[in-house]
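Note sheet for the following structure.
The values are calculated or read from the model by the stated rules, or taken from the named source; none is laboratory data. None of the values given here were measured: they were computed from a predicted structure. Virtual Cβ from ideal backbone geometry, glycine too; neighbours counted across all protein chains shown.
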Amino acid sequence: MSATVPERGVDRSVDLLVTLLIRYPELSAVHVSPSGHTLELSFLLSGAVQSREVEACAAKIRSSLDALTLLVRQDPGHKRRVSVHHQCHDSLTRLIVSRDLSDLVPEEFAIIVAIVKESLGKRLIVDDAHEPPNDLPDDAEAIADTLHALRTQKPGRELIGIRDGGRVLVFK
């Protein structure tokens, strides 16, 4: 019988997914695609959301990330690559915010979640079964290290983390 040694890159990706899903109960799923060099944040919304509502939310996300670029002293002409789209499924809408891993910084997660809450909050489905602990340490440095590792390592496996009744499940 042989044991399989987990790839460190996969471990770091799993850590990132679990950290984000525990910290932000507004997220329904997080998908890391090293081959596509992207990270997707998924939110569930009740009802069919109109395209204009999604575009208004996307515009706020883009302008906020542009402001963040100035704050973290990146090239002012640099535009963060962000894609915001939605998929309607009967009485639910899945909002997907996709970010390029090349310039993603930990502060973006809180900004994106706050804007989605502000823009679509009355429709946002939040996992009430799991409230993040009040004493959750600030994982910004650990998240930054993980993002750096994801950027510099060879592409690993795609992973998706989802919320299910207060639990976080991660799949390869």
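Quick one: count up the residues across region 156-172 that are surrounded by 17 or more Cβ atoms within 10 Å (Cβ to Cβ) and at pLDDT 90 or above. Count: 3. Only residues that are closer than 13 Å to residue 160 by Cβ and in contact with a Leu (Cβ under 8 Å, 6 or more places away or on another chain) were counted in region 10-28, giving 9.
Could you list, in sequence order, all residues of region 1-29 that are assigned to a loop (DSSP other than H, G, I, E, B), more than 17 Å from residue 111 (Cβ to Cβ) and modelled with pLDDT of 90 or more?
If the condition is that a residue be assigned to a loop (DSSP other than H, G, I, E, B), more than 17 Å from residue 111 (Cβ to Cβ) and modelled with pLDDT of 90 or more, then 28 is the only one that fits.
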